[in-house]
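Engineer: Just passing along the structure, written as structure tokens.
The values are calculated or read from the model by the stated rules, or taken from the named source; none is laboratory data. Bear in mind that the values here come from a model prediction, so they are computed numbers and not experimental data. Reconstructed Cβ throughout: ideal geometry from the backbone, glycine too, with neighbour counts over all protein chains shown.
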Amino acid sequence: MAPTLAEPFADSSALTEFVINQGNGVKGLSEMGLKALPKQYIQPLEERLSMNKILDQEAIPIIDMSKWEDPQVAKSICDAASKWGFFQIVNHDVPVQVLENVKQATYRFFGLPAEEKNKYSKEHSPSNSVRFGTSFSPQAEKALEWKDYLSLFYVSDEEAFALWPPACRDQVLDYMKKSEVVIKQLLQVLMKGLNVTEIDQTKESLLMGSMRTNLNYYPICPDPELTVGVGRHSDVSTLTMLLQDEIGGLFVKGNEGDDDNWIHVRPIKGSLVINVGDALQILSNRRYRSVEHRVVANGSKNRISVPIFVNPSPSNMIGPLPELIASGEKPIYKQVLYSDYVKHFFSKAHDGKKTVEFAQL
Ligand SMILES: COc1cc(/C=C/C(=O)SCCNC(=O)CCNC(=O)[C@H](O)C(C)(C)COP(=O)(O)OP(=O)(O)OC[C@H]2O[C@@H](n3cnc4c(N)ncnc43)[C@H](O)[C@@H]2OP(=O)(O)O)ccc1O
Ligand SMILES: O=C(O)CCC(=O)C(=O)O
Ligand SMILES: [Fe+2]
């Protein structure tokens with residue numbers, strides 16, 4: 001039976017049934033026209049972003065990629081990855097039309113009826129490579145997050161044609177393939193910054209042996225101050241390339257000591273946001289830093305974003321690169337199996353940079 005507006009989700013099992021089991025997601029909740037946020041989404045005070053923690057005058061670096069081989073540009077990329085862990089790129093080689101197409105495809109997928117989207121949920125999906133879900137890790141979270149997502153792990157074109165939703169498949173594949181060129185440019189520069197000049201097959205597998213693209217949908221929220229779109233976390237990728245729309249709402253932790261200050265990632269048309277993930281922090285022995293970020297909920301507009309997580313292969317062991325250790329650096333991390341690292345990340349609620357402790361010596 002459909003929940004009523006008067007007493008929509010007094011007990012949690014009704015909410016779980018509607019949002020998770022029936023595949024309505026938070027988009028379904030938003031479209032019911034709820035006047036108040038269900039209690040399951042109310043985050044503890046310390047997890048909400050208050051205005052006094054926002055640094056209005058700061059911005060993450062914006063880097064023009066048209067001359068990416070220029071030593072000055074290369075230096076800006078390496079400096080940004082060391083100091084901020086985040087930067088935006090403009091004049092890159094991913095065509096604007098490819099970005100527009102993937103945004104439209106995201107709206108098309110989330111616009112499907114719940115029964116259609118639910119065919120890709122953890123319970124119903126024909127493969128672990130395709131997963132429609134909501135929040136981050138609902139079983140592990142004390143308070144849920146106001147976000148639905150579709151996660152697509154790339155294995156091969158054949159598998160994608162057979163298993164990915166036709167509503168977005170071709171556009172995501174195109175976005176992934178066009179982005180690969182830019183990802184390789186960035187990784188080449190970042191490796192050179194560590195005095196690693198050759199990216200052989202083993203290195204390529206470590207740096208970009210697997211890719212996962214998520215389509216994120218953050219619907220209008222009845223009480224955005226009480227909840228989060230995505231809680232504080234760092235990505236477990238090598239690098240993440242994120243396409244966001246014009247709405248805004250992504251915040252990155254400032255780089256001034258331990259202060260709890262946050263910087264808005266201002267949407268710039270045609271730009272892509274790049275961030276260092278935990279895998280690159282570990283491989284670079286913390287020369288490059290994965291930085292905490294979070295997304296706020298919005299009371300008046302739907303928002304989408306499309307991150308491509310560029311990762312090691314699940315079967316790779318990751319640890320500080322041998323070149324760094326050979327040059328005399330003391331290793332900060334041990335060798336861990338990358339798929340164990342990712343499983344550890346998915347088994348806990350978002351908790352800032354806690355995941356990296358899994359690899360700490
Ligand atoms: C969703 O909201 C998010 C997501 C993020 C993501 C940030 C990233 O950096 S994603 C990049 C992660 N790297 C990779 O995917 C590459 C390596 N992949 C692997 O090693 C494997 O594919 C695997 C992810 C470990 C899954 O292996 P598999 O053998 O299929 O294991 P399972 O038993 O199916 O899954 C283990 C555990 O993880 C949960 N899970 C799996 N995939 C996802 C997914 N795409 N999204 C969410 N959760 C996932 C799965 O439910 C299992 O948990 P159980 O409780 O069911 O045991 C950042 C911020 C966000 O808000
Ligand atoms: O939606 C965004 O802007 C960021 C999402 C994010 O951090 C993630 O999916 O890992
Ligand atoms: Fe993230």
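Engineer: Given the structure, is Leu242 surrounded by fewer than 23 Cβ atoms within 10 Å (Cβ to Cβ) and either of a type outside the set (D, E, K, R) or modelled with pLDDT of 95 or more (or both)?
Structural biologist: Values: surrounded by fewer than 23 Cβ atoms within 10 Å (Cβ to Cβ): yes; either of a type outside the set (D, E, K, R) or modelled with pLDDT of 95 or more (or both): yes.
When the stated conditions are applied, Leu242 passes them.
To keep it simple, each residue is scored yes or no on (1) more than 20 Å from Tyr149 (Cα to Cα); (2) surrounded by 16 or more Cβ atoms within 10 Å (Cβ to Cβ).
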{"site": "Val295", "(1), (2)": "no, yes"}
{"site": "Ser300", "(1), (2)": "no, no"}
{"site": "Ser305", "(1), (2)": "no, yes"}
{"site": "Val310", "(1), (2)": "no, yes"}
{"site": "Gln335", "(1), (2)": "yes, no"}
{"site": "Ser347", "(1), (2)": "no, no"}
{"site": "Leu361", "(1), (2)": "yes, no"}
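Engineer: Please state which of the following conditions Asp245 fails to meet, knowing it meets all the rest: (1) of a type in the set (D, E, K, R); (2) touching a strand residue (DSSP E or B) at 6+ places or on another chain (Cβ under 8 Å); (3) over 20 Å from Val172 (Cα atoms); (4) within 13 Å of ligand 2 (Cβ to nearest atom).
Structural biologist: Condition not satisfied by Asp245: (3).
Engineer: Of the residues Ser327, Ser339, Ser305, Ser313, only one is farther than 25 Å from Met176 by Cα and of a type in the set (Ser, Thr, Tyr); which? Explain how you work it out, then say what you get.
Structural biologist: Details: Ser339 fails: farther than 25 Å from Met176 by Cα; Ser305 fails: farther than 25 Å from Met176 by Cα; Ser313 fails: farther than 25 Å from Met176 by Cα.
Going through Ser327, Ser339, Ser305, Ser313 in turn, just one is farther than 25 Å from Met176 by Cα and of a type in the set (Ser, Thr, Tyr): Ser327.
Engineer: Enumerate the pairs (first residue in the stretch 291-312 and over 16 Å from Tyr107 (Cβ atoms) and in a strand (DSSP E or B); second residue anywhere and acidic (Asp, Glu) and within 13 Å of ligand 1 (Cβ to nearest atom)) with beta-carbon separation below 9 Å, excluding pairs fewer than 6 apart on the same chain, so at least 6 apart or on different chains.
Structural biologist: The qualifying pairs are His293/Asp235; Val295/Glu145; Pro307/Asp235; Phe309/Asp235.
Engineer: Please find, within the stretch 62-85, the residue that is nearest to Val182 (Cα to Cα) out of those that are surrounded by fewer than 16 Cβ atoms within 10 Å (Cβ to Cβ) and within 24 Å of the chain's Cα centre (by Cα).
Structural biologist: Asp64
Engineer: Being in contact with a helix residue (DSSP H, G or I) (Cβ under 7 Å, 6 or more places away or on another chain) and surrounded by fewer than 20 Cβ atoms within 10 Å (Cβ to Cβ) is the filter here; which residues of the stretch 136-156 pass it? Reasoning before the result, please.
Structural biologist: First pass over the stretch 136-156, keeping only residues in contact with a helix residue (DSSP H, G or I) (Cβ under 7 Å, 6 or more places away or on another chain): 137-138, 143-144, 146-148, 150, 152, 154.
Scanning the stretch 136-156 gives Ser137, Pro138, Ala143, Tyr154.
Engineer: Give the residue that is farthest from Ile63 (Cα to Cα), with candidates limited to residues of the stretch 84-107 that are aliphatic (A, V, I, L, M) and in contact with a helix residue (DSSP H, G or I) (Cβ under 6 Å, 6 or more places away or on another chain). Walk me through it before giving the result.
Structural biologist: Taking the stretch 84-107 as the starting set, the residues that turn out to be aliphatic (A, V, I, L, M) are 89-90, 94, 96, 98-99, 102, 105.
Okay, now just the ones that are also in contact with a helix residue (DSSP H, G or I) (Cβ under 6 Å, 6 or more places away or on another chain), so 89, 94, 98, 102, 105.
Numbers: Ile89: 5, Val94: 15, Val98: 20, Val102: 23, Ala105: 27 Å.
For the stretch 84-107, the residue satisfying everything is Ala105.
Engineer: Here's a check for you: in the stretch 110-148, which residue that is among the hydrophobic types (A, V, I, L, M, F, W, C) and not in a helix (DSSP H, G or I) is farthest from ligand 2 (Cβ to nearest atom)? First the steps, then the outcome.
Structural biologist: So the first thing to find is which residues in the stretch 110-148 are among the hydrophobic types (A, V, I, L, M, F, W, C), and the list is 110, 112, 114, 130, 132, 136, 140, 143-144, 146.
Checking the rest, the ones that are also not in a helix (DSSP H, G or I) come to 112, 130, 132, 136, 140, 143-144, 146.
On the way: Leu112: 20, Val130: 16, Phe132: 15, Phe136: 9, Ala140: 16, Ala143: 17, Leu144: 16, Trp146: 12 Å.
My answer is Leu112.
Engineer: Could you please give the count of residues in the stretch 165-205 that are of a type in the set (A, V, I, L, M, F, W, C) and under 19 Å from the mean Cα position of the chain (by Cα)?
Structural biologist: The qualifying residues number 8.
Engineer: Can I ask one more? If only one of Asp174, Asp223 is among the acidic types (Asp, Glu), closer than 30 Å to Gln40 by Cβ and in contact (Cβ under 8 Å) with a residue 60 or more places away in the chain, which one is it?
Structural biologist: Working: Asp174 fails: closer than 30 Å to Gln40 by Cβ.
Result: Asp223 is the single residue among Asp174, Asp223 that is among the acidic types (Asp, Glu), closer than 30 Å to Gln40 by Cβ and in contact (Cβ under 8 Å) with a residue 60 or more places away in the chain.
Engineer: Can you confirm whether Asp11 is surrounded by fewer than 15 Cβ atoms within 10 Å (Cβ to Cβ) and without any contact (Cβ under 8 Å) to a residue 24 or more places away in the chain?
Structural biologist: Numbers: surrounded by fewer than 15 Cβ atoms within 10 Å (Cβ to Cβ): yes; without any contact (Cβ under 8 Å) to a residue 24 or more places away in the chain: yes.
So Asp11 passes the test.
Engineer: In the stretch 86-106, what residues are at negative phi and surrounded by fewer than 16 Cβ atoms within 10 Å (Cβ to Cβ)?
Structural biologist: First pass over the stretch 86-106, keeping only residues at negative phi: 86-90, 92-106.
Passing the criteria: Val90, Asp93, Pro95, Val96, Gln97, Glu100, Gln104.
Engineer: How many residues are in contact (Cβ under 8 Å) with a residue 12 or more places away in the chain and either within 10 Å of ligand 1 (Cβ to nearest atom) or among the small types (Gly, Ala, Ser) (or both) if we restrict to the stretch 240-265? Break it down stepwise before answering.
Structural biologist: So in the stretch 240-265, the residues in contact (Cβ under 8 Å) with a residue 12 or more places away in the chain come out as 240-255, 260-265.
From the residues that got through so far, the ones that are either within 10 Å of ligand 1 (Cβ to nearest atom) or among the small types (Gly, Ala, Ser) (or both) too are 240, 248-249, 254.
Qualifying residue count, the stretch 240-265: 4.
Engineer: Condition first: small (Gly, Ala, Ser), without any contact (Cβ under 8 Å) to a residue 60 or more places away in the chain and more than 16 Å from ligand 2 (Cβ to nearest atom). Can you find one or more residues in the stretch 329-349 that meet it?
Structural biologist: First pass over the stretch 329-349, keeping only residues small (Gly, Ala, Ser): 339, 347, 349.
Remaining after also requiring without any contact (Cβ under 8 Å) to a residue 60 or more places away in the chain: 339.
Filter once more, so that each one left must be more than 16 Å from ligand 2 (Cβ to nearest atom): 339.
Within the stretch 329-349, one or more residues are small (Gly, Ala, Ser), without any contact (Cβ under 8 Å) to a residue 60 or more places away in the chain and more than 16 Å from ligand 2 (Cβ to nearest atom).
Engineer: Quick one: Val310 ticks every box in (1) within 11 Å of ligand 1 (Cβ to nearest atom); (2) modelled with pLDDT under 95 except a single one, so which number is it?
Structural biologist: It is condition (2) that Val310 fails.
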